[in-house]
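Below is one structure, written out as structure tokens, with a few remarks after it.
The values are calculated or read from the model by the stated rules, or taken from the named source; none is laboratory data. Computed from a prediction, not measured in an experiment: that's the story for all the values here. Ideal geometry is used to build each Cβ from the backbone, glycine not excepted, and the neighbour counts take in all protein chains shown.
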């Protein structure tokens with residue numbers, strides 16, 4: 001069973017959703033049969049590599065709300081993150097474009113390190129105050145999860161995996177995904193938002209039940225001992 005997760009590295013609810021999905025997966029009886037694939041999604045594709053304004057001011061402008069309300073939203077999000085064991089530090093946040101970071105996740109996925117790369121980038125952004133659009137930062141974070149330093153440098157300096165990122169975003173549009181996180185299970189079930197582990201677990205169980213075949217054994221015939229014939 002494949003679970004594709006569309007998310008943006010700079011999306012706080014995506015980090016919360018990641019933890020909740022991990023909690024659901026720990027309870028899922030068939031977790032070993034689940035292939036998790038991280039898909040790219042940019043909340044602000046036109047974002048510059050860095051911003052001088054504080055995050056709460058950018059948030060207030062985006063939604064047309066007072067800065068005080070944006071600050072209150074951050075406080076609420078910080079509380080939700082704490083429930084999942086995450087330490088959000090909006091006071092350290094250094095906003096910027098996430099396109100190259102998504103390319104790095106695609107590189108890491110080729111060696112089975114996609115999840116580790118996604119986790120490292122999110123922690124760097126939301127907790128450590130790293131500028132994840134900065135090439136040197138991406139170089140360091142990539143090598144920290146075990147990627148080859150030369151290959152990371154090569155990818156960052158090129159447009160490698162750009163088509164993969166765009167391909168993920170094209171599929172998101174085709175599915176009608178307008179917000180993240182979004183969990184697609186076998187391209188048949190979709191769960192939108194950072195739902196609770198119980199909701200995600202129920203979706204996993206339902207999808208798994210409908211994807212498996214229940215075999216009913218009857219009386220064997222005279223040609224094949226178990227009622228079936230093999231080549």
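See the values below:
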item	result
Residue match in the range 91-98 (condition: touching a strand residue (DSSP E or B) at 6+ places or on another chain (Cβ under 8 Å), touching a residue at least 40 places away in the same chain (Cβ under 8 Å) and either crowded, with 18+ Cβ neighbours inside 10 Å or under 18 Å from residue 41 (Cβ atoms) (or both))	no
The range 45-85, residues that are crowded, with 16+ Cβ neighbours inside 10 Å, in a loop (DSSP other than H, G, I, E, B) and touching a helix residue (DSSP H, G or I) at 6+ places or on another chain (Cβ under 8 Å)	51, 84
Failed criterion for residue 32 (all others in (1) part of a helix (DSSP H, G or I); (2) in contact with a helix residue (DSSP H, G or I) (Cβ under 8 Å, 6 or more places away or on another chain) hold)	(2)
Among the residues listed as 27, 55, the single one being more than 16 Å from residue 195 (Cα to Cα) and either within 22 Å of the chain's Cα centre (by Cα) or touching a residue at least 60 places away in the same chain (Cβ under 8 Å) (or both)	55
The range 121-158 - residue that is outside any helix (DSSP H, G or I) and free of Cβ contacts under 8 Å to residues at least 24 places away in the same chain and, of those, nearest to residue 111 (Cα to Cα)	148
Residue within the range 175-185 that is modelled with pLDDT of 95 or more, in contact with a helix residue (DSSP H, G or I) (Cβ under 6 Å, 6 or more places away or on another chain) and assigned to a loop (DSSP other than H, G, I, E, B) present	yes
